[in-house]
Amino acid sequence: MKIIECVPNFSEGRNLNIINLITDSIKSISGITLLDVDSGADTNRTVVTIVGSPEDVINAAFKGIQKASELIDMRLHTGAHARMGATDVCPLIPISNSTMEECIEYSNILAQRVGNELNIPIFLYEESSTSKFRTNLANIRSGEFEGLVEKLKISKWKPDYGPAKRHISAGVTAIGARKFLIAYNVNLNTQDKRIATDIALDIREQGRNKRDKKGKFIRDKEGTPIKALGILKSCKAVGWYIDEYKLAQVSMNLTDFSITSPHVAFEEIRKQSRKKGVRVSGSELVGLIPLEAMLSAGKYYLKKQHRSIGIPTSDIIHIAVKSMGLDDLEPFDPKKNIIEYRIKDLYGPLASMKLHSFVDDLSSGSPVPGGGSVAAIAGTLAASLAAMVANLTFGKKKWDPLYEKMCSISDESQSLKKDLLNLIDDDTKSFKRVLGAYRMSKDTENQISLRNKAILNSLKEASNIPFKTLQCCSEVINYAKDAAEYGNPNSVSDAGVAAEMANAGARGAALNVIINLNEIDDDKYCNKLEKHTYKLVKETENTLALVRKIVFKKIGRE
């Protein structure tokens, strides 16, 4: 599922009734999750955070912008924060299975709709900007609401969408795509703010002003101080003292965690702290963090400990939390702090069932869950066993040369395990769509045409889902083979069971592919998928034969 985040900033932070009406309009779109509403009276501004599928987020953002334009009159607005519109800025951020390029496209869709339907001038900014001088939001906002009348008369400030004149009450809005920002603070065992500030100046990308031997700023010809760039890119940082905790912190905004992630910043601050005679005591996350950043941190520390990275996600997160002391000031709850976990359950209803409940459902008179879900379960068990054998090949010096290979087997097997867990529910969902298509009305020619099209599409999907299961199982059996050949010999029988289950999953999935192809009236599609299906089944069975030879040889039963 594609997930994006949107963080619209509304120019109202005092009137709770207006704020509630805006957020209620956003929540009217059922597919989104409202994560946060942060209002400030002094700034007279409210920052709202929503997540969901791109289409739902765009619709929710539009609803919020529309309601704000109806309720907020910028001619009457005052506040400490710079502003230019009822909805001042509306960024879109890729979160899960989405890219920056896609968010740029989504921002254009939203911007065009707001400009056309609400007659609000729209400037594209950040990654969506159409010219360099519009990338920085501060440049666009310069002059604020009051300066827009004259500013919009200048040709270079023609809006990207909407009219080339200020909306009389709603002003102008900036819409664009940007990267996810992680607000992250590192705790020091000192109350001296100066030490925290000194570290912040050293690590932040902007750095500090250069000084000569006498301690005076070195300036350029125009008299501007010359900067010595800091250590960490995509990092903004300050030092401060928090009286509540009686300690100093290095407070950071990490504007691109793919360049500087929290664990990289944490380790650099540890390094700089030691030079100044202080120690890092822990850290805290302000707001939300993507799952990817937590997994990256956990795997970094596991590798430092020469341990397997192919362990369950919850264990990787636990290592990250403990290694960075994210629970130093208050408990770290993945369900509250990790953005993906705030949006949806990790797995579907079938994959989340207790085993006895699942088999009771399976043995009932209902056609779902059925063989496709069982095939996916077989593959899931195979992947889990392959990972287990790899993870049991750690901890002894004689296995050190196999570290990279075992890490690869366990990590990839865990990834396939997650895919197959999702396919358990996907198979049942696809079958229900087929049933729904067959139940469509067929009273008129148009209804018959729509029904036939829906049946064809649902049957193709019902074939593609088990084919994905087949593909996953064919990958799993290769990791089972490597686990049998190179893994802990005491667990070779487990690797053998992994291969047997992977083969069972592959053959079971293939049966579901073929039975659905029998109902599809598209020879080209059917012939192609059938050919790939039989090819993968044959390859899987050949691999199983190799695994059996390896296993029986190692257990002395050739």
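Of all residues in segment 141-182, those satisfying the criterion of being without any contact (Cβ under 8 Å) to a residue 60 or more places away in the chain and touching a helix residue (DSSP H, G or I) at 6+ places or on another chain (Cβ under 6 Å) are GLY143, LYS151, TRP157, TYR161, GLY162, ARG166.
The set of residues in segment 427-472 being charged (D, E, K, R) and either touching a residue at least 12 places away in the same chain (Cβ under 8 Å) or part of a helix (DSSP H, G or I) (or both) consists of ASP427, LYS429, LYS432, ARG433, GLU445, ARG451, LYS453, LYS460, GLU461, LYS468.
The rows are residues; the columns are (1) at pLDDT below 95; (2) closer than 18 Å to VAL434 by Cα; (3) of a type in the set (A, V, I, L, M, F, W, C).
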{"position": "ILE448", "(1), (2), (3)": "yes, yes, yes"}
{"position": "ARG451", "(1), (2), (3)": "yes, yes, no"}
{"position": "SER458", "(1), (2), (3)": "yes, yes, no"}
{"position": "ASN464", "(1), (2), (3)": "no, yes, no"}
{"position": "ILE477", "(1), (2), (3)": "no, no, yes"}
{"position": "GLU485", "(1), (2), (3)": "no, no, no"}
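Among the residues making up segment 171-198, those that are closer than 24 Å to THR49 by Cβ and touching a Gly at 6+ places or on another chain (Cβ under 6 Å) are GLY171, VAL172, THR173, ALA183.
Residues in segment 75-89 that are among the hydrophobic types (A, V, I, L, M, F, W, C) and either in contact with a Leu (Cβ under 7 Å, 6 or more places away or on another chain) or over 23 Å from ALA111 (Cα atoms) (or both): 4 in all. When the criteria are applied in full, ILE120 meets the requirement of being modelled with pLDDT of 95 or more, surrounded by 14 or more Cβ atoms within 10 Å (Cβ to Cβ) and outside any helix (DSSP H, G or I).
Charged (D, E, K, R), part of a helix (DSSP H, G or I) and either out of contact with any Pro (no Cβ under 7 Å at 6 or more places or on another chain) or closer than 30 Å to GLY395 by Cβ (or both): is that true of ASP482 in this structure? So ASP482 passes the test.
Screening the candidates ILE22, ILE29, ILE4 for the property of being under 23 Å from GLU340 (Cα atoms) and touching a Lys or Arg at 6+ places or on another chain (Cβ under 9 Å) yields one hit, ILE29. Highlighted here are the helices (runs of 4 or more DSSP H) found entirely within segment 127-209 that include at least 3 residues which are over 30 Å from THR99 (Cβ atoms): 148-151, 193-203. Restricting attention to segment 304-340, the residues that are touching a Pro at 6+ places or on another chain (Cβ under 6 Å) and either of a type in the set (Ser, Thr, Tyr) or within 20 Å of SER281 (Cα to Cα) (or both) add up to 1.
Yes/no per residue for (1) in the same structural domain as THR78 (by TED's automatic domain parsing); (2) not charged (D, E, K, R):
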site: THR130; (1), (2): yes, yes
site: TYR161; (1), (2): yes, yes
site: LYS165; (1), (2): yes, no
site: ALA170; (1), (2): yes, yes
site: LYS213; (1), (2): no, no
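Given the criteria basic (Lys, Arg), modelled with pLDDT of 95 or more and either within 30 Å of VAL57 (Cβ to Cβ) or surrounded by fewer than 14 Cβ atoms within 10 Å (Cβ to Cβ) (or both), does ARG113 qualify? Criteria met by ARG113. Working only within segment 35-54, note down all residues that are surrounded by 15 or more Cβ atoms within 10 Å (Cβ to Cβ) and without any contact (Cβ under 8 Å) to a residue 24 or more places away in the chain. Residue satisfying the conditions is VAL37 alone. Scan segment 5-34 for residues that are polar (S, T, N, Q), buried (at least 16 other Cβ atoms within 10 Å of the Cβ) and touching a Leu at 6+ places or on another chain (Cβ under 9 Å) and the total you get is 1.
Looking only at residues in segment 59-72 that are among the aliphatic types (A, V, I, L, M) and either surrounded by 21 or more Cβ atoms within 10 Å (Cβ to Cβ) or without any contact (Cβ under 8 Å) to a residue 12 or more places away in the chain (or both), the one that is farthest from VAL172 (Cα to Cα) is ALA60. Please determine whether any residue of segment 286-295 is buried (at least 18 other Cβ atoms within 10 Å of the Cβ), within 21 Å of THR190 (Cα to Cα) and either out of contact with any Asp or Glu (no Cβ under 9 Å at 6 or more places or on another chain) or of a type in the set (D, E, K, R) (or both). No, segment 286-295 contains no residue that is buried (at least 18 other Cβ atoms within 10 Å of the Cβ), within 21 Å of THR190 (Cα to Cα) and either out of contact with any Asp or Glu (no Cβ under 9 Å at 6 or more places or on another chain) or of a type in the set (D, E, K, R) (or both). Flag: ALA480 matches the condition of being of a type in the set (A, V, I, L, M), surrounded by 20 or more Cβ atoms within 10 Å (Cβ to Cβ), closer than 21 Å to ASN422 by Cα and in the same structural domain as LYS396 (by TED's automatic domain parsing).
Going through (1) closer than 26 Å to ASN209 by Cβ; (2) within 24 Å of the chain's Cα centre (by Cα); (3) surrounded by fewer than 19 Cβ atoms within 10 Å (Cβ to Cβ); (4) of a type outside the set (Val, Ile, Thr) one by one, LYS271 falls short only on (2).
The values are calculated or read from the model by the stated rules, or taken from the named source; none is laboratory data. Nothing here was measured: the structure is a model prediction, and the numbers come from that model. With ideal geometry, Cβ positions are generated from the backbone for all residues, glycine too; neighbour counts draw on all protein chains shown.
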